[in-house]
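Reading through the structure tokens given below for one structure.
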Amino acid sequence: MNFNDILNKYALLPQVKTIIDNINNKVDTNIEGVKASGKSILLASIYKLTLGKFFVIYEDSDSAAYAYNDISNIIGKDNIGILPSSYNTNKKRKTIDVSSEILRTDALNILSNNNSFIVISSPEGISEQLTNKNNFTAQSININVNDNISQESIIQKLMKFGFEQVEFVYQPGQFSQRGSILDIFSYSFELPYRLDFFGDNIDSIRTFDISKQLSIDSVNKISIFPDIKVQSNNLVPIFDYISKDTTIVLSNRKYICDQLDSIYNSILINSNTKTETAI
């Protein structure tokens, strides 16, 4: 039995039909008795049947990561995102985690531009404020195969958004130029892009391996984003990105609310401590 067989069986359950009816009628629903990966299968089944918008909050970052992997394996990664915390909390001192920044940027891009998605997060992920949606969209560079655009015009935009020109890209926020080739490492994808130009026409776009410099996949269109933390102005909560027709799913409502209260109180304590130190 494969995942499609499992999803098809879930689709026949009367409970699933009731949940979908409640979603369509905007009725709050409490679901009990679903454990572990069963939550991911149920969510994937409902998503496949509705092709709706789902923002899902799990109890913690580990649970969110497991759910993201489960759902991606079940239905693929298209329009499936995860919004983790920007910070590496495994160390005594919080530091920015670049891989998490890439995932956050991709999730915001999905929330901003897609009519059908699942984006997964946690209390830590949703507690961070973000640059507002208009700024985020304005900072993107959308590029398609066969676009008529010069390398120099793209480079000017990259420089404006704080990208660094290097000989070979190896981390997000960098680009390199060699003849008809323009390599760009965006903050919205785990691999860099290689744009091959024929004059001012984009002949191909490929992802590639930074160590071997070998192509991995061809793509037809990409969105380039800078480091949104550096570019942040007019900070807003994540819910400013979430449209009214999005279904919000809480894995454990009481626990998540308690965690958010704890995070908020911790921020207040740290803020007061810094103020007292300054005085």
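Bear in mind these aren't lab numbers, they're just calculated from the coordinates by the rules spelled out. Computed from a predicted model, the values in this text were never measured in an experiment. Using ideal geometry, Cβ is built from the backbone for each residue, glycine included, and neighbour counts are taken over all protein chains shown.
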Rounded to the nearest 5, what % of the DSSP beta bridges within the chain are antiparallel ones?
65
If a/c stays under 1.5 just call it rounded; otherwise compare a/b with b/c (prolate if a/b is bigger, oblate if not). Do that for region 43-141, with a ≥ b ≥ c from the square roots of the Cα gyration tensor eigenvalues.
oblate
Going through region 87-171, which chymotrypsin sites (Phe, Trp or Tyr not before Pro) have at most 13 other Cβ atoms within 10 Å and a DSSP loop state?
Phe168, Tyr170
May I ask you to work out the translational diffusion coefficient for the chain at 4 °C, viscosity 1.567 mPa s, via Stokes-Einstein with Rh from the Kirkwood sum over Cα pairs, reported in whole µm²/s?
63
For helix 14-24, report the angle its Cα long axis makes with the longest principal axis of the Cα atoms of the chain; keep it between 0 and 90° and round to the nearest 10°.
60
Among Thr131, Thr247, Thr18, whose mean-square fluctuation peaks in a Gaussian network model of the chain (Cα, cutoff 10 Å)?
Thr18
Between the alpha carbon centres of region 1-80 and region 99-168 the gap in Å comes to 27
Candidate lysines - alpha carbon under 29 Å from Lys35, same-chain residues fewer than 8 apart omitted:
Lys9, Lys17, Lys26, Lys48, Lys53, Lys77, Lys244, Lys254
Estimated dipole of region 61-200 in Debye, rounded to 20 [Cβ of Lys and Arg +1, of Asp and Glu -1, Cα centre]
420
How much net charge surrounds Thr246 when only the other residues with a Cβ under 15 Å from the Cβ of Thr246 are counted, with Lys and Arg +1 and Asp and Glu -1?
+1
Global form of region 127-204, assessed from the alpha-carbon gyration tensor, a/c cut-off 1.5
prolate
Provide the net charge surrounding Glu101, with neighbours chosen by a C-beta distance below 15 Å and charges set as Lys +1, Arg +1, Asp -1, Glu -1.
-3
In region 36-122, what % of DSSP beta bridges are antiparallel (nearest 5)?
20
Hand me the trypsin sites (Lys or Arg not before Pro) from region 32-62 located in a DSSP loop with no more than 14 other Cβ atoms within 10 Å, in residue order please.
Lys35
Please go through region 161-191 and write out the GluC sites (Glu not before Pro) that DSSP classes as loop and that have at most 14 other C-beta atoms within 10 Å.
Glu167, Glu190
Between the Cα axis of helix 98-113 and the main Cα principal axis of the chain, the angle (0 to 90°, nearest 10) is 80
Give me the angle, in degrees from 0 to 90, between the Cα long axis of helix 37-50 and the longest principal axis of the Cα atoms of the chain, rounded to the nearest 10.
70
Out of Ile269, Ile20, Ile80, a Gaussian network model of the chain with alpha-carbon springs under 10 Å gives the largest mean-square fluctuation to Ile269
